[in-house]
């Protein structure tokens, strides 16, 4: 869901939780998040992503695991093409 500050709120929470990674809008209107860090912090972010910020409409959250990419901090990326 775009237009409700989803990326900004995700970045703020992820940094608060000490996570690294990124968040970006996708052309289809969905949001993609890559986060790295401690499991409890990742679980808290995942719980929050299921509802998002006020005004968000979250229809589906898909979680996958991958090896870390060693991001230094959490960033908002430009829209993916």
- Can you confirm whether segment 31-50 contains a residue that is in contact (Cβ under 8 Å) with a residue 24 or more places away in the chain, assigned to a loop (DSSP other than H, G, I, E, B) and more than 10 Å from the chain's Cα centre (by Cα)? no
- Message: Being touching a strand residue (DSSP E or B) at 6+ places or on another chain (Cβ under 9 Å) and loosely packed, with under 13 Cβ neighbours inside 10 Å narrows it down to one residue among 66, 60; which is it?
- Response: 66
- Task: Determine which single condition residue 7 fails, assuming it passes every other condition in (1) under 15 Å from residue 74 (Cβ atoms); (2) out of contact with any helix residue (DSSP H, G or I) (no Cβ under 9 Å at 6 or more places or on another chain); (3) in a loop (DSSP other than H, G, I, E, B).
- Result: (3)
- In segment 23-41, which residues are in contact with a strand residue (DSSP E or B) (Cβ under 6 Å, 6 or more places away or on another chain) and closer than 16 Å to residue 72 by Cα? 23, 33, 34, 35, 36
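Out of the residues in segment 69-81 that are in a loop (DSSP other than H, G, I, E, B) and either within 15 Å of the chain's Cα centre (by Cα) or surrounded by 10 or more Cβ atoms within 10 Å (Cβ to Cβ) (or both), which is modelled with the lowest pLDDT? Let's see the steps before the verdict.
To start, the set of residues in segment 69-81 that are in a loop (DSSP other than H, G, I, E, B) comprises 69-73, 77-81.
Right, trim to either within 15 Å of the chain's Cα centre (by Cα) or surrounded by 10 or more Cβ atoms within 10 Å (Cβ to Cβ) (or both) and you get 69, 71, 73, 77-80.
Working: 69: 76, 71: 71, 73: 83, 77: 86, 78: 80, 79: 69, 80: 61.
Selected residue: 80.
The values are calculated or read from the model by the stated rules, or taken from the named source; none is laboratory data. None of the values given here were measured: they were computed from a predicted structure. Cβ: placed from backbone, ideal geometry, glycine included. Neighbour counts: every protein chain shown.
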